[in-house]
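Only one structure is covered here, and it is reproduced in the block below.
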Amino acid sequence: MKKLLLTIFFWIFSSNAVLGAHDKPPVLIGLDAEFGRASSTADDSIKQGILIAIEEINNSGGVLGGRKLALMETDNRSIPARGIENTRVLAENPDVVAIFCGRFSTVVIETIDPIHKYGIPLLDPWASSDKIVDNKRSPNYAFRLSLKDSWAVPTMLAYAQKKGFTRLGVLVPNITWGRGNFELLKKLIPAQGMRLVDTEWFNYGEKTLLDKYYALKKNGAEAIVIITAETEGAILIKEIAALPKKDRLPLISHWSISGSDFPAMTGQALYKVDLALVQTYSFIGTQNKKVSHFMNAARRLFGKKSAAELISPVGYAHAYDLTHILALAINKAGTTDRKAVRNALEQLGPYNGLIKTYRQPFSPTRHEALSVEDVFMARYTADGTLVRIK
């Protein structure tokens, strides 16, 4: 049996840092993410968002009349087989009430079977494939507070229309997540009055994408829709930036590249390319008590001096709100029984979160806490932060 890199973090931010003999045992939240992937920052943003929420919940008395929350973490390295095994390990621990997933839809999709085999809630703060929540299981144990591909694609295409583009090329990876987005693009581009002039497929690990870029340009693309993770995205940006300015087509990107420190990976090349990408939340320009309180905790716990230092910001915001919603469900259920918590997630009342006020985060017929109205296009500024495109 493969040895798993398994770390248990008991983050109890109170005067009682160590459990005494008579203290109630903690309620564990699982997190399986791509910690072993060097370029990913989404994993840390999700983890830190959870931990900030855990501190707040524990300082307010915990759950179920005084039990603290704690985080149990596994590393899938963005490899589906590891995600499956980690899900089994977490689910077989009776103290784990729910499992948060990481960024990569190709991993999360493969965990849907074990999630339902063990009957443990899956809480998704990033992975966007429609198939994760629309999994045809009944009862459905997958809940998402994040982007959904069928919201991302229309938002990207609406931006293309606003910019006056009528002929689009598509660059997409030959993986489950890529193929799902391509099916949406193939359907919606002509439906929105534009033309799909060409599609180029690539495999992760390729060292150049310039030939595929040139093929799209040669076939008449005015702009290119890109579906990619950060490694290949950075390769493409650097290759386009090295071209004469007249040969640099605008790029309209899905959001996986923002699950990394993309400005650091691309350097000054990033600012030589017209790149817009999908997002669901920005701390920049958002001023309210929730944000102020969150930033105070991020500064104290993780040394984040400003919102500009929150790399992969949606991970922080989604995971924070989703952890608070889970705590509400545990208290409503009155137990850590997973089935009862799953049912309670569908029956919660309003929650005033960081991202918005949720009238009802989830329902029996809707396991998506956000909506297409929460999605917008953003771009990187000169200091590397993501800001909404007005």
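Miscellaneous remarks
- Here Ala319 qualifies as surrounded by 17 or more Cβ atoms within 10 Å (Cβ to Cβ), among the small types (Gly, Ala, Ser) and either part of a loop (DSSP other than H, G, I, E, B) or touching a Gly at 6+ places or on another chain (Cβ under 6 Å) (or both).
- All of (1) over 30 Å from Arg248 (Cβ atoms); (2) in contact (Cβ under 8 Å) with a residue 12 or more places away in the chain hold for Lys289 with one exception: (2).
- The residues of the stretch 360-386 that are farther than 30 Å from Asn140 by Cα, touching a residue at least 40 places away in the same chain (Cβ under 8 Å) and loosely packed, with under 15 Cβ neighbours inside 10 Å, listed by number, are Ala382, Asp383.
- Applying the criterion of at least 1 residues that are over 30 Å from Ile79 (Cα atoms) and in contact with a Leu (Cβ under 7 Å, 6 or more places away or on another chain) to the strands (runs of 3 or more DSSP E) found wholly in the stretch 161-275 leaves 167-173, 195-202, 223-226.
- A search for C-beta distances below 6 Å between a residue of the stretch 337-359 that is without any contact (Cβ under 8 Å) to a residue 40 or more places away in the chain and any residue that is among the small types (Gly, Ala, Ser) and surrounded by fewer than 19 Cβ atoms within 10 Å (Cβ to Cβ), counting only pairs 6+ apart in sequence or on different chains, returns Glu346/Ser363.
- Being touching a helix residue (DSSP H, G or I) at 6+ places or on another chain (Cβ under 6 Å) and closer than 23 Å to Pro26 by Cα is not true of His367.
- Residue list for the stretch 205-232, filter: of a type in the set (Gly, Ala, Ser) and surrounded by 17 or more Cβ atoms within 10 Å (Cβ to Cβ): Ala221, Ala223, Ala229
- Thr176 vs. criteria at pLDDT 95 or above, on the phi < 0 side of the Ramachandran plot and out of contact with any Lys or Arg (no Cβ under 6 Å at 6 or more places or on another chain): no
- Close pairs (7 angstrom Cβ cut-off, 6 or more residues apart or separate chains): in the same structural domain as Leu249 (by TED's automatic domain parsing) in the stretch 191-212, of a type in the set (Gly, Ala, Ser) and loosely packed, with under 14 Cβ neighbours inside 10 Å anywhere: Val197/Gly220
- The single condition among (1) surrounded by 18 or more Cβ atoms within 10 Å (Cβ to Cβ); (2) in contact (Cβ under 8 Å) with a residue 60 or more places away in the chain; (3) assigned by TED's automatic domain parsing to the domain that holds Thr41 that Lys304 does not meet is (2).
- Enumeration of residues in the stretch 322-375 that are assigned to a helix (DSSP H, G or I), under 19 Å from Ile46 (Cα atoms) and of a type in the set (Val, Ile, Thr): Thr323, Ile325
- Total residues in the stretch 279-313 satisfying the condition of being over 21 Å from the mean Cα position of the chain (by Cα), outside any helix (DSSP H, G or I) and modelled with pLDDT of 95 or more: the figure is 1.
- From Ile84, Ile29, residue being buried (at least 22 other Cβ atoms within 10 Å of the Cβ), touching a residue at least 24 places away in the same chain (Cβ under 8 Å), aliphatic (A, V, I, L, M) and over 21 Å from Met295 (Cα atoms): Ile29
The values are calculated or read from the model by the stated rules, or taken from the named source; none is laboratory data. Everything quoted here is computed from the prediction, not taken from an experiment. Virtual Cβ from ideal backbone geometry, glycine too; neighbours counted across all protein chains shown.
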